[in-house]
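The values are calculated or read from the model by the stated rules, or taken from the named source; none is laboratory data. Every value quoted in this text rests on a predicted model; they were computed, and no experiment measured them. Counting neighbours? That spans all protein chains shown, and the Cβs are built from the backbone with ideal geometry, glycine included. Note: accessible area is taken over every heavy atom of the protein model, side chains too, but ligands, DNA and RNA are not part of it. Shrake-Rupley method; radii C 1.70, N 1.55, O 1.52, S 1.80 Å.
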Amino acid sequence: MKEIRIGIIGTGVMGADHAAILAEGVANARLVAVQDFDLGRAETIAASLDVRAIADADALIGDPDIDAVMVCSPDGTHASLALKAIAAGKPVLVEKPLAASLEDAEAIIRAEVDAGRRLVQVGFMRRFDPGYREMKQALASGELGRPLFLHCVHRNAVGPDYLTSELVIANSAGHEFDIARYLLDEDITSAIVASPPATRNAPNRQPQFILLQTRSGVVVDIEVFTDAQYGYDVRAELVCEEGTVALDPSPATTIRARGHDGFRTPADWRPRFRQAYRAQLEAWTTGILSNTPCGSSAWDGYMAMLVTTACLHAWKTRSRAAVEIPEKPFLYR
Ligand code: ISE
């Protein structure tokens, strides 16, 4: 079977993580080049993984020895790089968010529709997490009946300095919006947001509590607390007519020490979703080879951004905001 030769744009936290996973070996995939605006950083990673460092992102996208591109550069660059990959006819896995503005996301959708094929996948890796997949299967089996509530918790140990109350919604909560649409298989149509006061550990941002409702009426509540101190913790429970299904965070081992009995929480999302990142890469490259795109499409990335926009409006106006969803192009049906 042919191998997909991959080039990564951006070797910060996520680019470096993807590069490390690819270097360990992913079926059908081979990392061949990395690029970063900090050429020294790209060169260091390239040397350690025995791949090429390319100085310029456009050159990486146009390189005839690169079949597919991963965009892991700062959020503001995602849209223009995705558009260039579409123009070059190359599959592109864009880290979330798809774009920095709705206009840019819409330009990506138009470009894909004009190209007549799906080239963009958005890096909402939770869709490949075994726990979330089992939750979806349990719902699809019908044994639980109709879904009523989806409870979600998203806690980080310590947020980065630049994180504001808006970014808690715009950056972190996006994963919850996408996974809620994936699990429930329907669109989110309204949002309300309430926020407690900032904590003494992070006085410049508030935790957020988001209440969404789907088209059929399922209620989704999301706590996003980026400064929970104790570690990275993601939870989800789907409550249905006949029972519930929940993520079980307990790993295979238990630690008993210093008066505690339990398991360690991961420091951040990378170890927690390691399996999901790997499965996402495998599914992406297998999908390229078989011409069957998978994962979150550009449309899904755009939907997450529309929910974000509604949440920010709801937060600022302290009112319920509707999610205005345009007609879905045929390409994404
Ligand atoms: C980060 O960008 C992520 O993607 C993580 O999954 C999320 O937990 C974190 O809050 C975001 O800042």
Report, by chain and number, residues whose modeled amide H sits under 5 Å from the one on Cys240, excluding near sequence neighbours (fewer than 5 apart, same chain). Leu148, Val245
The chain - share of DSSP beta bridges that are antiparallel (%, nearest 5): 55
In nm, to one decimal, how far is the Arg320 label point from the Ala140 one, both placed 7 Å along Cα→Cβ? 3.2
Contour minus Cα-Cα span, Thr253 to Gln229, at 0.36 nm per residue, comes to 6.4 nm
Output wanted: per-residue J couplings in Hz (rounded whole) for segment 63-78, from phi through Karplus 6.51 cos²θ - 1.76 cosθ + 1.60, θ = phi - 60°, x for Gly and Pro. 5, x, 8, 10, 8, 8, 10, 10, 9, 10, 7, x, 3, x, 9, 4
FRET efficiency, 1/(1 + (r/R0)^6) with R0 51 Å, evaluated for Phe263 and Ser101 via beta carbons: 0.80
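Please state the charge dipole magnitude for the chain, taken about the Cα centre, from unit charges on C-beta atoms (+1 on K and R, -1 on D and E), reported in debye and rounded to the nearest 20.
On the way: 34 positive and 43 negative charges, 89 e Å.
Charge dipole, the chain, about its Cα centre: 420 debye, nearest 20.
Let a ≥ b ≥ c be the square roots of the eigenvalues of the Cα gyration tensor of segment 4-122; is it rounded (a/c under 1.5), or, if not, prolate (a/b larger than b/c) or oblate? The partial results should precede the final answer.
Details: a/c = 1.91, a/b = 1.56, b/c = 1.22.
Verdict is prolate for segment 4-122.
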Can you tell which of Thr77, Gly10, Ala107 lies farthest toward the positive end of the dipole of segment 4-122, using +1 and -1 charges on the Cβ of basic and acidic side chains (Lys, Arg; Asp, Glu)? Ala107
Collect residues whose amide H, placed 1.01 Å from N in the peptide plane, falls under 5 Å from the amide H of Leu93; neighbours closer than 5 in sequence don't count. Val69, Met70, Val71, Gln121
Roughly how tilted is helix 13-24, in degrees to the nearest 10 and between 0 and 90, from the longest Cα axis of the chain? 70
Can you find, among Val323, Thr292, Ala267, the residue farthest towards the positive end of the dipole of the chain? Put +1 on the C-beta of Lys and Arg, -1 on that of Asp and Glu. Ala267
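Over segment 4-122, what percent of the accessible surface lies on carbon and sulfur atoms, probe 1.4 Å?
53
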Using a 1.4 Å probe on the protein heavy atoms only, what accessible surface does Asp63 show? Give it in Å² to the nearest 10. 20
The ³J(HN,Hα) series, computed from each phi in segment 305-311 with the Karplus coefficients 6.51, -1.76 and 1.60 at θ = phi - 60°, rounded to the nearest Hz and given as x for glycine or proline, is 5, 5, 5, 4, 4, 5, 5
Å² per residue, accessible surface of segment 245-333 at 1.4 Å: 59
Given the chain, what count of lysine pairs have C-alpha atoms under 26 Å apart, with each pair 8 or more places apart or on different chains? 9
DSSP beta bridges in segment 4-122 [antiparallel fraction, %, rounded to 5]: 5
Whole-number percent relative contact order across segment 4-122, with pairs defined as alpha carbons under 8 Å at least 6 apart: 24
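Can you give the relative contact order of segment 88-213 as a percent, counting alpha carbon pairs under 8 Å and 6+ residues apart? Don't skip to the end; give the middle numbers.
Details: 103 pairs, mean separation 25.7, N = 126.
Reported as a whole number, the value is 20 percent.
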HN-Hα J couplings of segment 104-120 from phi, Karplus 6.51/-1.76/1.60, θ = phi - 60°, integer Hz, Gly and Pro as x? 5, 5, 5, 5, 5, 4, 4, 5, 5, 4, 5, 6, x, 8, 7, 10, 9
Can you tell me what share of the DSSP beta bridges in segment 105-232 is antiparallel? A percent to the nearest 5 is fine. 65
Sequence-separation-based contact order of the chain, relative, with Cα cut under 8 Å and 6+ spacing, percent: 19
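When you count, for each residue, the other Cβ atoms within 10 Å and take the mean per peptide, how do 249-259, 76-86 rank with the highest first? Provide the component values of the computation, followed by the final result.
Numbers: 249-259: 8.6, 76-86: 21.7.
So the peptides 249-259, 76-86, ranked by packing, come out 76-86, 249-259.
Based on Cα coordinates alone, diagonalise the gyration tensor for the chain, multiply each eigenvalue by 5, take square roots, and list the semi-axes in whole Å, largest first. Please report the intermediate quantities before stating the final value.
Working: eigenvalues 194, 117, 87 Å².
Equivalent-ellipsoid dimensions as semi-axes: 31, 24, 21 Å.
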Return one number: the angle in degrees, 0 to 90 and rounded to the nearest 10, between the long axis of the Cα atoms of helix 39-49 and the longest principal axis of the Cα atoms of the chain. 90
Please report the net charge: other residues with Cβ closer than 14 Å to the Cβ of Glu3, K and R +1, D and E -1. 0
Farthest toward positive dipole pole in the chain [+1 Lys/Arg, -1 Asp/Glu at C-beta], among Ala157, Ala310, Ala29: Ala157
